[in-house]
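The values are calculated or read from the model by the stated rules, or taken from the named source; none is laboratory data. Here the structure is a predicted model, which is why all the values come from computation and not from measurement. Virtual Cβ from ideal backbone geometry, glycine too; neighbours counted across all protein chains shown. Each accessible area value is taken on the protein alone, full model and side chains, heavy atoms only, with ligands, DNA and RNA left out. Shrake-Rupley method; radii C 1.70, N 1.55, O 1.52, S 1.80 Å.
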Amino acid sequence: MALASTTLPAKTGLSLWCPTSPSLARRLPVRFSSRIASRGLVTASFANENREFVIIGGGNAAGYAARTFVENGMADGRLCIVTKEAYAPYERPALTKAYLFPPEKKPARLPGFHTCVGGGGERQTPDWYKEKGIEMIYEDPVTGADFEKQTLTTNTGKQLKYGSLIIATGCTASRFPDKIGGNLPGVHYIREVADADSLISSLGKSKKVVIVGGGYIGMEVAAAAVAWNLDTTIVFPEDQLLQRLFTPSLAQRYEELYRQNGVKFVKGASINNLEAGSDGRVTAVKLADGSTIEADTVVIGIGAKPAIGPFETLAMNKSIGGIQVDGLFRTSTPGIFAIGDVAAFPLKIYDRMTRVEHVDHARRSAQHCVKSLLTAHTDTYDYLPYFYSRVFEYEGSSRKVWWQFYGDNVGETVEVGNFDPKIATFWIDSGRLKGVLVESGSPEEFQLLPKLARSQPIVDKAKLASASSVEEALEIAQAALQS
């Protein structure tokens, strides 16, 4: 099973408006038109002063794209960012991790995690954008687009002009329908700071929390709920945690750790509806078998959908969702690009189309797209899938969890280690190492993982399985790189 969000062979459904390695000259007409727009040679009145480049979205991808514009000297007076949020771009993963810690355990708060601190860069506060000459339009999402006229309409009716447009709208949380209680008070979804703030308010008054979904959101929110000393239950339809990545054996290890922290599991269960009390707030989760689980706070973490919004007329990838792009993140419409979660792009290393919902891809796709747009850089995006999670990292926690995975989770698996705290899982297909996950690795061990996954060395499965420790197994895998 491939780990990336959704995938299919690259030869399927690929409709690109120009070759993957065009000369810089092929892009000059777009740049010329954008300069006309940005220098005010357009008769219509528009709300944005910076019109050469417009980014729609205020998440990780937008922040890292802005940094790349600045690094190339093309931001000041030229770049405008339009976001539905009240905040400058920030590192979104914090919202289901340290942001949810209770007050006494030093929770993360803005401006502490503005981009690009997660990638080792400068903290880009609202003042940073002002200093760099980047125009920010807050709390006013784009609701309409006219691609022929190169104009956008916002929720408040503003008309915006662009020369080149980068769509970085990310995803929206999949929600339960109203008819089964999906919007009852006390029911939460997490995508933005406002969502996390609302959940924190509930956690502070809560006694029993039910989390629906056994993936990343479910695992991270449950770990945070433990810090609040709440009665916590995770409900999901699969028979194990994080089924799209973890092997059954690995999932069992993490489930036991959560149980030791007081978390309960209801696996293989479907939700019938959410029940409300006389005050209208959620009081229970009713399962398909008729049983109920009491809850005064419910968190829904059942996945996400690409935030297509007003861009549905662009070429879409109907098989995996998202806006279809090439290896430079160009859509089929000249001058329009899509990056991050919303983009369906060619995964070069595995020769298939994919869409990845992860901060690492958001950062890298933003940087690659902007470099391609501004320079003669024409290398096709060559992404190596990477996923990680960090939980139970609050003060007083008896055991911190931090795992990293690189590559593709296909083929047979070899598990090494006793989860004390280390454990490693290797995926081997046709004799080659395709993917590797390590829990509680050292910095040097974590740095080795992408080298292994990208090189895909031939490994001796029996020798790997006989390793007495994670360290020995990684040494065997590393030796295979030189053979």
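Per residue, the accessible area of the chain comes to 41 Å², computed with a 1.4 Å probe over protein heavy atoms only.
If the segment from LYS106 to ALA462 were pulled out straight at 0.36 nm per residue, it would be longer than the present Cα-Cα gap by 123.6 nm.
When only Cα pairs below 8 angstrom with a gap of at least 6 residues are kept, the chain shows a relative contact order of 16 percent. In this simple spin-label model, placing a label point 7 Å from the Cα along the Cα-to-Cβ direction at both THR125 and GLU475 gives a separation of 4.9 nm.
With contacts taken as Cα pairs under 8 Å and at least 6 residues apart, the range 257-409 reaches a relative contact order of 12 percent. What is the calculated FRET efficiency for ALA194 to LYS318, with r their C-beta to C-beta distance and R₀ = 41 Å, to the nearest 0.05? About 0.85, to the nearest 0.05.
Rg over Rh for the range 400-480 works out to 0.92, both radii taken from alpha-carbon positions and Rh defined as the Kirkwood radius.
Only Lys, Arg, Asp and Glu carry charge here, each on its Cβ (+1 for the first two, -1 for the last two); on that basis the range 165-318 has a dipole of about 140 debye about its Cα centre. When the trypsin sites (Lys or Arg not before Pro) in the range 300-405 are filtered for DSSP coil states and for at most 10 other beta-carbon atoms within 10 Å of their beta-carbon, the remaining sites are LYS318.
Here TYR138 and SER430 are evaluated by their C-beta separation; at R0 = 60 Å the FRET efficiency comes out at 0.75. Here's how it looks for CYS171: its modeled amide H is under 5 Å from those of ALA307, which are all 5 or more places away or on a different chain. Residue-wise HN-Hα couplings along the range 447-453, as the Karplus relation 6.51 cos²θ - 1.76 cosθ + 1.60 with θ = phi - 60° gives them from phi, are 5, 6, 4, x, 5, 5, 5 Hz; Gly and Pro carry x. The string of couplings for the range 358-367 from the Karplus curve (6.51, -1.76, 1.60, θ = phi - 60°) is 7, 4, 4, 5, 4, 5, 5, 5, 4, 5 Hz, one whole number per residue in order, with x for Gly and Pro.
When the expected Rg is taken as 2.2 N^0.38 Å, what fraction or multiple of it is the alpha-carbon Rg of the chain?
Output field value: 1.01.
Expressed to the nearest 5 percent, the antiparallel share of DSSP beta bridges inside the chain is 65 percent. Loop-resident trypsin sites (Lys or Arg not before Pro) (DSSP state other than H, G, I, E or B) in the range 190-266 with no more than 15 further Cβ atoms inside 10 Å of their Cβ: LYS205, LYS207, ARG244. Under a model in which nothing but the beta-carbon of Lys, Arg (+1) and Asp, Glu (-1) is charged, the chain shows a dipole of about 1060 debye around its Cα centre. Among the protein heavy atoms of the chain, carbon and sulfur supply 48% of the accessible surface, probe 1.4 Å, non-protein parts ignored.
Principal axis extents of the Cα atoms in the range 175-302, from largest to smallest and rounded to whole angstrom, are 43, 31, 24.
Would you mind checking LYS84/LYS158; LYS84/LYS106; LYS348/LYS451; LYS149/LYS318 for any pair whose Cα atoms are more than 23 angstrom apart?
Too far apart for the 23 Å limit: LYS84/LYS106; LYS149/LYS318.
Extension gain, GLU393-ALA376: 0.36 nm per intervening residue step, less the Cα-Cα distance, totals 1.8 nm. For the range 120-222, the set of chymotrypsin sites (Phe, Trp or Tyr not before Pro) satisfying both a DSSP loop assignment and a count of at most 14 other C-beta atoms within 10 Å is given as TYR138. Partners of LYS208 within straight-line reach, counting lysines whose Cα lies under 22 Å from its Cα and excluding those fewer than 8 residues away in the same chain: LYS97, LYS105, LYS264, LYS267, LYS286. Take every Cα pair under 8 Å whose residues are at least 6 apart in sequence, average their separation, divide by the length of the range 175-302, and the relative contact order is 35 percent. A straight chain from SER249 to SER291 at 0.36 nm per residue would run longer than the Cα-Cα distance by 12.3 nm. Ordering ALA276, ALA462, GLY120 by the projection of their Cα atoms onto the charge dipole of the chain, which places +1 on the Cβ of Lys and Arg and -1 on the Cβ of Asp and Glu, puts GLY120 at the extreme positive end.
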